[in-house]
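The values are calculated or read from the model by the stated rules, or taken from the named source; none is laboratory data. A quick note: this is a predicted structure, and the numbers were derived from the prediction, not measured. Cβ placement follows ideal geometry from the backbone for every residue including glycine, while neighbour counts extend to all protein chains displayed. In case anyone asks, the SASA skips ligands and DNA or RNA and just uses the protein heavy atoms, side chains included. Shrake-Rupley method; radii C 1.70, N 1.55, O 1.52, S 1.80 Å.
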Amino acid sequence: MSTEAERRYATAQALASTRIEGHVPTPEFLADCDATIAGTMTNDEARARSLARALEQQRRILAARGGA
């Protein structure tokens, strides 16, 4: 188990890497990151929430196009 400081550093490094690639994290994603740093959410829970948001966004796009 890592310390909160280690989790904060690792998260900052990961976010910096994705931002270099042009990714702009959503407020919801950043809140999940904060929760994993604090230890109130597991990485698996954060991944599941991100996946659920992505699937919901895809569903809305398809529905707007008349596909679902």
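Computing FRET efficiency as 1/(1 + (r/R0)^6) for residue 28 and residue 4, where r is the C-beta to C-beta distance and R0 is 25 Å, gives about 0.75. Between the beta carbons of residue 42 and residue 18, assuming R0 = 25 Å, the FRET efficiency works out to 0.80 to the nearest 0.05. Against the chain, whose longest principal axis is taken from its Cα atoms, helix 27-38 shows a tilt of about 30°.
Under the convention that each Lys and Arg Cβ holds +1 and each Asp and Glu Cβ holds -1, the size of the dipole of the chain around its Cα centre is about 360 debye.
Tell me the per residue accessible area of the chain using a 1.4 Å probe; a whole number in Å² is fine. Accessible area per residue, the chain: 77 Å².
Surface composition of the chain: carbon plus sulfur atoms hold 58% of the accessible area, using a 1.4 angstrom probe and ignoring ligands, DNA and RNA. Computed over the chain, the quotient of the alpha carbon radius of gyration and 2.2 N^0.38 Å is 1.33.
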